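Derivation of every value follows stated rules applied to the coordinates shown; laboratory data play no part. Note that this is a predicted model, so its numbers are computed, not measured. FYI the Cβ positions are ideal-geometry reconstructions off the backbone, even for glycines, and counts take in every protein chain you see.
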Amino acid sequence: MTLNIEREVAAMQRMATCELAGKYADVFGESTRSRHRQYLIKRIAWRMQANAEGDQVLPEGGVVCVRRDLVGDPEEPLGMRVAILDVASGEVPEGARAFEVDVTDRAAIEAAEREIEADWGVPHVLVNNAALDSPPDAPAGEVGLFEDFPEVSFDAVMDVNVKGTLLCCQVIGGAMAREGRGAIVNVSSVYGLLSPVQGLYEFRRARGEEFFKPVAYSVSKSAVLNLTRYLATYWAKRGVRVNTLTLAGVWNDQDPEFLEAFAARSPMGRMLNADEALGALVFLASDASSYVTGSNVVVDGGWSAW
């Protein structure tokens, strides 16, 4: 994979004289049947790692913590040490560290954080990306009528998407607050801002299948938005910034009929490529956004502008 991340970060440096070099990030992994959010963070982390000469990045799923130091030369490549915490194991870049962690298990998060802190120090950046979702090809049992949506499914989504984010903020964010600095990015969805467009899934119904985008994902992602606002004001005077990165659908080789329906609804006529979230993520993670907290940066190709 190739990405001219140095050029993007150098541009930020010219604004804020800050780069994510010499830092480390914790990524808390995604526990979900739909892996597109994990795919996004994995792609971003891989590209960061590809430019991190001598430093290490943990890229793979839900939460990322980044260790960073100021550097003076805009031409220096991006470098960070990254730790990935994910319920699912998988390939990680050379030098990265991966921890098999369920984000709903506070003790497991604490154990991983202690090990990371002992080796690298307290993270500078936390990216919460863990989520459960029901993708366009989800089995019928998950995507029936709202009236019949099972409580156990609702509880499982809320447990990972909301409680998992909260626990990671408590453990990692709390450590940052004790250090008096840090940046947290909570990844949300346009479905946390707007109701799902059920017409996108008409192709499933046309096949004789029952399909409605479930309620739990939207409710959970709305909760993440206000968790961000709460923590932004709670930690503002302790030097920890907390923001939301809201994304539209991320391309991940979905069903062609779904892609066609999505393109027809999107002002830009296509889904988000994972790389296109990188600039906003780096902005929120860096000192280029030093006066930004409690905000929601929307990267949706105009989806929410209709």
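For segment 134-230, which trypsin sites (Lys or Arg not before Pro) pass both filters: DSSP loop (anything but H, G, I, E, B) and at most 12 other C-beta atoms within 10 Å?
207
Could you please state, rounded to a whole Å, how far the C-alpha centre of segment 132-198 is from the C-alpha centre of segment 261-285?
19
Once you place label points 7 Å from the Cα toward the Cβ at residue 230 and residue 163, how far apart are they in nm?
Going by the 7 Å Cα→Cβ label model, 1.4 nm.
Find how much the distance from residue 114 to residue 264 grows on full extension, using 0.36 nm per residue of separation minus their present alpha carbon separation; answer in nm with one decimal.
49.2 nm
With Cβ to Cβ distances under 12 Å as the rule, what net charge do the other residues near residue 152 carry (K, R +1; D, E -1)?
Charge balance near residue 152 sits at -4.
Note the full-extension length gain between residue 179 and residue 152 as 0.36 nm times their separation in residues minus their Cα-Cα distance, in nm to one decimal.
5.9 nm
For residue 305 paired with residue 275, estimate the spin-label separation in nm (one decimal), with each label point 7 Å from Cα along the Cα-to-Cβ line.
Placing both labels 7 Å beyond Cα along the Cβ direction yields 2.2 nm.
Would you calculate the separation in nanometres between label points at residue 205 and residue 140, each defined as 7 Å from the Cα along the Cα-to-beta-carbon direction?
Simple spin-label model gives 1.6 nm for this pair.
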